[in-house]
Each structure stands twice: as C-alpha cells, then as structure tokens.
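To start, the structure itself, in structure tokens.
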Amino acid sequence: MWISSRLDRVLIVNIMEIMLTDRQQKLIATIIETYVETAEPVSSGLIGKAGGFAVSSATIRNEMNELEQGGYLVQLHTSGGRIPTDRAYRHYVNCILAQKDLEPGAPVKKKVALALDDLDENDPHEINKVLAKLVSELSDSLVIANVLDSRDFFKVGLAGLFEHPEFREFEKTFRVTSFFEEFENLFETMEKELVRGIKEEFFPNFRIMIGRENPVEEVKDETVMLARYHLPQNYLGSLTIVGPTRMDYQKNIALIKYLTGELNRIF
C-alpha cells in the first residue's frame, strides 16, 4: 500500500497500537519498568511473581510471545527472558505515559526550587550551567545545554552515563564519546529534529527520540530528549539529554516538563 504522507504513517501506527489489549499494554509497562530497575531480561515467571495479573504464568508467557511477534519484545537467548524494543518504548511514551499527569516527587521539586532560587537571573549562560548539572544529577544522563544564537555549549554527565551497564562495550562508549565531543557540529541536525517534531510530540516543549529514530549515528542505540525553554534577556535555552533506551522515562519526562515549565514561568 502506498503511504502518501507522514500523517498517513502516523495514523497507521496508531491503528496498530490500538489493537493491543489492555492486558498487553499493562504487560508492556510492567516489563519496561522492571527492566529499567533491574537491567536484566524479564521472564514470565518474574512477572507472575510480581503480581498484578490475575492470570497464570502460561497466559503471561503466551501474551509475551504475541508481543514478541508484534515487535515489542525481543528474546536475547532461547531460555532467557525478554527485553523491550524501541517500538515498546515508543508505545510506552506515546500511549501510556502521555495519558498520565506526570509530575516529579517532592524531593525533586525541592532540588529544582533551591537551584532556581540561587540563580543569577541576569546571566543566561550561568543559568544553563546550573540547569545542565541539575538535570544530569537527577536523570543519571549526559546533558548538553546551549544558549541559542550564542552557541555557548556546556556539557556534563559523560562519566555518570558510563556507569550504566549498557555502556560496558567499547564500541558504544566510543560512539557516545564522539557524540559528546563533536556535539557543536551536530547541533543543527538535532535542532532541526526538535523543531520538526515538536508539533508531533505528545509532550509540549520537548521531543523524545528513541534508538533508531535518532538522526545521528553515534546515538542510534540511545534515547535523546531535546527541550527548549526561555532564559533572561530574551534568550532561548536548549537541553539535550542522552541516556540508555532503558532510561526511566516517567521520571525524566516529569522532570523536564516541570523544570521547563518553571523556567518559562520565571522568564
């Protein structure tokens, strides 16, 4: 069938997502959240022991088989559990988290408030440095902040990113390091994706690109969040957050939504 436009593709994907049952959607969410916490493949037995499903392990196993056939899960070893695919993460973000009113917890809000209270409200460059450090600390991710039109980049969090088990492979470490070091040259590509995708994204003010959705080869196995926000003196700021596809989407989306909302309110 000929697909005439991007909108047609989006509609077809949405129809395919609707075909998932409530149990399958809950199963995707449970598997992702378990995998985020453990970094280990998730088995049907583990899901059964965790509770929350009033069905047998055999039924859960059959559902997981169907999700694997649908491209939402992959089994790395014949006798092992399964891990989510990029498609599962995308469904989780678009169809599950987008329906929730995500907000960070009180401790995170307190840290954000303390950081914002200590800012020099006349210095957009210093504000960006503080924001980048804060977001990197709270998200366990690589963060690159930029003041638009000045190309003033501040980078933080590379060492912390490499503490995730996904980055034990030398090749992946090398690729992400290259992205970190060459980001100034890649920034225009990332910004084009941000501007192009903002109208299509489910969360205002920022874009989430998962795995192969990323336009830059060096981060084709990671998740990248791109956000814009207001700064003093009529500047705009930009945050690029890079983490494993196994990142805590619920926590990070809530953080970015709240932080950019506070910045836009102030400035």
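Data overview
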{"quantity": "Neighbours by Cβ (under 8 Å, 6+ apart or cross-chain): first from the stretch 166-179, closer than 10 Å to Asp221 by Cβ; second in a helix (DSSP H, G or I) and of a type in the set (Phe, Trp, Tyr)", "calculated": "Val176/Phe167"}
{"quantity": "Hits in the stretch 60-80 (condition: small (Gly, Ala, Ser) and more than 13 Å from Ser43 (Cβ to Cβ))", "calculated": "Gly70, Gly71"}
{"quantity": "Close pairs (7 angstrom Cβ cut-off, 6 or more residues apart or separate chains): on the phi > 0 side of the Ramachandran plot in the stretch 218-234, outside any loop (DSSP other than H, G, I, E, B) anywhere", "calculated": "Gln233/Pro124"}
{"quantity": "Counted residues, the stretch 48-65 - those being basic (Lys, Arg) and touching a helix residue (DSSP H, G or I) at 6+ places or on another chain (Cβ under 7 Å)", "calculated": "1"}
{"quantity": "Tyr229 of a type in the set (Ser, Thr, Tyr), over 30 Å from Thr38 (Cα atoms), surrounded by fewer than 19 Cβ atoms within 10 Å (Cβ to Cβ) and in contact with a Leu (Cβ under 8 Å, 6 or more places away or on another chain)", "calculated": "no"}
{"quantity": "The stretch 15-60: number of residues that are part of a helix (DSSP H, G or I), at pLDDT 85 or above and under 22 Å from Gln250 (Cβ atoms)", "calculated": "19"}
{"quantity": "Lone unmet requirement of (1) closer than 12 Å to Val242 by Cα; (2) assigned to a helix (DSSP H, G or I) for Ile144", "calculated": "(2)"}
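Residue-wise test of (1) surrounded by fewer than 18 Cβ atoms within 10 Å (Cβ to Cβ); (2) within 17 Å of the chain's Cα centre (by Cα).
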position: Gly80; (1), (2): yes, no
position: Ile83; (1), (2): no, yes
position: Arg87; (1), (2): no, yes
position: Ala98; (1), (2): yes, yes
position: Asp101; (1), (2): yes, yes
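The values are calculated or read from the model by the stated rules, or taken from the named source; none is laboratory data. Everything quoted here is computed from the prediction, not taken from an experiment. So basically every Cβ, Gly included, is an ideal-geometry build from the backbone, and we count neighbours across all protein chains shown.
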